[in-house]
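The values are calculated or read from the model by the stated rules, or taken from the named source; none is laboratory data. No experiment lies behind these values; they were computed from the predicted model shown. Each accessible area value is taken on the protein alone, full model and side chains, heavy atoms only, with ligands, DNA and RNA left out. Shrake-Rupley method; radii C 1.70, N 1.55, O 1.52, S 1.80 Å.
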Amino acid sequence: MNFNTFLNSISKIENIELPAQESQFKMAPPFRHELIERFSEEMKAAKRAGVLAMFYPDINLKTNLVLIHRKTYKGVHSAQIGFPGGKIEPQDNSLKETAIRETYEEIGVEQRKIEILKQLTEVYIPPSNYFVQ
């Protein structure tokens, strides 16, 4: 999509209701409902993380979405593809601040260059016991 067309769609994006968890389950593995039930106790103490679905124009004004490739390490999210972002830190006043800070740390985009359109629906990630928004 041309980035100018994307920019013209922003008012629609800002005003539509988020599809919430039901929409997430359409794209999740078939066992996700079972995991949510199995981890119901752990979810009460889940950690929090903020991410950005960041769109930008390339040199031809084509709209692009930023995805990162996580480092390889001994952990459940090793080498995964995802949005820039991470866990909330004590200095963060909100998940929005977390997402912006982490995006700068991971890919170098400065806060002043980021415009937040709307909040994403929260997603529970069972393997790491995180709520990500």
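Data overview
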item	result
Distant-in-sequence amide H partners of R48 (H built 1.01 Å from N, under 5 Å)	I88, F131
Computed accessible area, Y130, all protein chains, 1.4 angstrom probe, square angstrom	40
Region 17-133, relative contact order [Cα under 8 Å, separation at least 6], %	31
Spherically averaged projected area in nm², based on the convex hull that wraps the Cα atoms of region 51-91	4.2
Along principal axes, Cα extents of region 82-128, largest first, whole Å	33, 22, 22
Overall dimensions of region 1-68 as given by Cα atoms, namely Rg and Dmax in Å	16.9, 49
All-pairs Cα distance distribution in the chain, expressed in whole percent, bin size 10 Å	11, 35, 38, 15, 2
Solvent exposure, largest accessible area first (probe 1.4 Å, DNA, RNA and ligands not counted), of R101, R48, R38, R112	R112, R38, R48, R101
